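Only one structure is covered here, and it is reproduced in the block below.
Bear in mind that the values in this text are calculations on the coordinates, not laboratory data. Quantities reported herein were computed from a predicted structural model and do not represent experimental measurements. Cβ atoms come from the backbone with ideal geometry, glycine included; neighbour counts cover every protein chain shown.
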């Protein structure tokens, strides 16, 4: 759903909260769009997603696809977050 809001005056905030609750409770059925990229990019997404699978085994395929897209886009924030995640997990497992 699209809910008009004005952050400065908090207008629409209650309606937004209600809409979020309705979606979470499946009272509103959503129809999210999925962007289909050119074949070369889709291939790169699939390759990266497959390489991420054993590293992010607790994450679902949608999350891996999003991470792959962000990495292909050169998102330094995602790269830093992944680095922190892997370093933390390596320390916990005693491999660093």
Report summary line: Taking 33, 49 and counting other beta carbon atoms within 10 angstrom, the fewest-first order is 33, 49
Query raised in the report: Ranked from highest to lowest mean number of other Cβ atoms within 10 Å per residue, what is the order of the peptides 64-70, 78-84, 8-14?
Result: 64-70, 78-84, 8-14
Report task. Compute the relative contact order of the chain as a whole-number percentage, counting only Cα pairs closer than 8 Å that sit 6 or more residues apart in sequence. Result -> 13
Report task. For n ≥ 4 DSSP H runs only, could you compute -39500 (n - 2.57) per run for the chain, divide by its residues and tell me the 222 nm figure to the nearest 500? Result -> -19000 deg cm²/dmol
